[in-house]
Amino acid sequence: MATLTARVLPMPVRAGSGRHLVERNFLVYRRSWIVFVSGFFEPVFYLLSIGIGVAQLVGDFTLSDGTKIGYAAFVAPAMLASSAMNGAIFDSTYNIFFRMKYARLYDAMLATPLRPWDVATGEVTWALLRGTAYSAMFIVVMLVMGLIESWWALLALPAAVLIGYAFAGAGMALTTFMRSWQDFEFVTLATMPMFLFSATFFPVDTYPGAIRWLVEIAPLYQGVALERALTTGTVSWTLLINALYLAVMGTLGLYVASRRLGKLLLK
């Protein structure tokens, strides 16, 4: 009875009110679970086709500490980072744009005690939950295929959540500036080069100086460096910089998204 009363009667905004939006998304996807699960297969197919097929032609890689690993073990953590990025970007851009511009979902929500910050945190939390599920399944695949070289890989899932948080916050913030579906071409224009050139398929030291510098400041590279170090055991203090970069990116994006939602919807 108390739960029903809380849903019907207006109540003061409480910390964690964004959980109502997470619950709503869960109920929606419960009836279309195949759409939810399908996002897991893309990185696995990439791993099988590139990491396994091409690996027979490439040979081993030597890491910074002199350790040699197979090409599949080199590519797999980058696929994990890319999977976390793509899952977060899809949920925090296309889906949010539709709910905001066409379904008018947030207009209805903001007519309740929910505030823009609750909407932003709720959507980012949902994107993280979805991305975490994908990342956990992908790590299991890596483990079964023998592509994990160190016990540090226990931190690979939290690292994937951090990557998802960074891109979910940034993606939602950018979506509030989108005017039409055509603007999403810029999302692809940004994510595709990052996927291809963030040391995903070959070491970053193969780039010329200036290009290498651009790669090393790219958001996805931070995630690739983090995941690759954890799964191969080449851990160093510089990983704290990568983690801080992603945390700041996500937090700043979340703040901008909540401010923009308030400006756009609370007129």
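The values are calculated or read from the model by the stated rules, or taken from the named source; none is laboratory data. Because the structure is predicted, anything quoted here is derived from the model rather than measured. Positions of Cβ are backbone-derived with ideal geometry, glycine not excepted, and every protein chain shown enters the neighbour counts. Side chains included, ligands, DNA and RNA excluded: accessible areas come from the protein's heavy atoms. Shrake-Rupley method; radii C 1.70, N 1.55, O 1.52, S 1.80 Å.
Some points to look at:
- Inter-residue pairs, beta-carbon under 6 Å, first under 14 Å from L155 (Cα atoms) and in the stretch 209-236, second among the aliphatic types (A, V, I, L, M) and open to solvent by 30 Å² or more (accessible area, probe 1.4 Å), 6+ apart: A229/V235; L230/L155; T231/I148
- Residue check, L226 modelled with pLDDT under 90, surrounded by 15 or more Cβ atoms within 10 Å (Cβ to Cβ) and not in a loop (DSSP other than H, G, I, E, B): no
- Residues that are modelled with pLDDT under 85, in a loop (DSSP other than H, G, I, E, B) and over 30 Å from Y106 (Cβ atoms) do occur in the stretch 132-155.
- Residue within the stretch 191-202 that is touching a strand residue (DSSP E or B) at 6+ places or on another chain (Cβ under 9 Å) and open to solvent by 30 Å² or more (accessible area, probe 1.4 Å) present: yes
- Within the stretch 143-169, residues that are touching a residue at least 24 places away in the same chain (Cβ under 8 Å) sit with their Cβ atoms under 7 Å from residues that are of a type in the set (S, T, Y) and open to solvent by 50 Å² or more (accessible area, probe 1.4 Å), at 6+ positions apart or across chains, in these pairs: G169/T251.
- Scanning the stretch 229-244 for residues that are open to solvent by less than 80 Å² (accessible area, probe 1.4 Å) and under 17 Å from F167 (Cβ atoms) gives N242, A243.
- Odd one out for I69 among (1) over 20 Å from the mean Cα position of the chain (by Cα); (2) at pLDDT 80 or above; (3) in a helix (DSSP H, G or I): (3)
- Cβ pairs under 7 Å, 6+ apart, first in the stretch 244-261 and of a type outside the set (K, R), second buried (at least 18 other Cβ atoms within 10 Å of the Cβ) and not in a helix (DSSP H, G or I): A257/T176; L261/T176
- Test: residue in the stretch 170-180 that is assigned to a helix (DSSP H, G or I), open to solvent by 40 Å² or more (accessible area, probe 1.4 Å) and modelled with pLDDT of 85 or more: yes
- Residue match in the stretch 103-113 (condition: over 24 Å from Q222 (Cβ atoms), at pLDDT 85 or above and assigned to a helix (DSSP H, G or I)): no
- Cβ pairs under 8 Å, 6+ apart, first in the stretch 103-118 and in contact (Cβ under 8 Å) with a residue 12 or more places away in the chain, second exposed (fewer than 14 other Cβ atoms within 10 Å of the Cβ) and of a type in the set (A, V, I, L, M, F, W, C): L110/L266; P113/M11; P113/V13; L114/V13; R115/V13; P116/L266; D118/V13
- Among all residues of the stretch 238-252, there is at least one that is outside any helix (DSSP H, G or I) and over 20 Å from A127 (Cβ atoms).
- Within the stretch 63-112, the residues that satisfy the criterion of being hydroxyl-bearing (S, T, Y), out of contact with any Ser or Thr (no Cβ under 6 Å at 6 or more places or on another chain) and surrounded by 17 or more Cβ atoms within 10 Å (Cβ to Cβ) are Y71, S82, S83, S92, Y106.
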